[in-house]
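Worksheet: one structure, shown below.
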Amino acid sequence: MNFSNPLFIILCAHGIITLSAGLLMYYKPPKKINHLYGYRTKRSMSSQEKWDFAQKYSSQEMIRQGIVITGIGLVNLFLSVSEIVSVLIAISLIIISVILLLFKTEKQLKQKFDAHETLL
């Protein structure tokens, strides 16, 4: 086991932070629309109902992603990859996870609210 593997260190740190942030947002979501704390995009901030939904959905997704990223990091304890490659892989996975979080949450917001709004 290689505890100094950058892929292990970076992914486990990111996974634990993402998991912690997801748990915090799930149990203590921001009540009102604000520019400081919570899942903040133009769509999620356009109404209180969208805001509440986005906080719950994104926090659940962050919890899932935190667990997966931490798991991937733990697997890398047993792999031997060069330091540069490890850092590039870790950064790529973090960027992908952030994009995936945004994409999935925005897709759910659009599905749930935009389809409903066109029917009214």
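The values are calculated or read from the model by the stated rules, or taken from the named source; none is laboratory data. What you see is a predicted model; the values in this text were computed from it and never measured. So basically every Cβ, Gly included, is an ideal-geometry build from the backbone, and we count neighbours across all protein chains shown. Note: accessible area is taken over every heavy atom of the protein model, side chains too, but ligands, DNA and RNA are not part of it. Shrake-Rupley method; radii C 1.70, N 1.55, O 1.52, S 1.80 Å.
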Inset, instruction - Return the residue satisfying two criteria in turn: it lies in the stretch 31-46 and is of a type outside the set (Val, Ile, Thr) and in contact (Cβ under 8 Å) with a residue 24 or more places away in the chain, and of such residues it is least open to solvent (accessible area, probe 1.4 Å). - result: Ser44
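To keep it simple, each residue is scored yes or no on (1) closer than 21 Å to Lys112 by Cβ; (2) surrounded by fewer than 17 Cβ atoms within 10 Å (Cβ to Cβ); (3) of a type in the set (Gly, Ala, Ser).
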position: Leu7; (1), (2), (3): no, no, no
position: Leu11; (1), (2), (3): no, no, no
position: Glu49; (1), (2), (3): yes, yes, no
position: Ser59; (1), (2), (3): yes, no, yes
position: Gly66; (1), (2), (3): no, no, yes
position: Asn76; (1), (2), (3): no, no, no
Inset, instruction - Run Tyr26 past the list (1) hydroxyl-bearing (Ser, Thr, Tyr); (2) open to solvent by 70 Å² or more (accessible area, probe 1.4 Å); (3) more than 26 Å from Gln111 (Cα to Cα) and report the number of the one that doesn't hold. - result: (3)
Inset, instruction - Tell me, yes or no, whether the stretch 96-116 has at least one residue that is touching a residue at least 60 places away in the same chain (Cβ under 8 Å), part of a helix (DSSP H, G or I) and small (Gly, Ala, Ser). - result: yes
Inset, instruction - Considering each of Leu120, Leu109, Leu93, Leu88 in turn, give the residue that is at pLDDT 90 or above, over 15 Å from Ala21 (Cα atoms) and loosely packed, with under 15 Cβ neighbours inside 10 Å. - result: Leu88
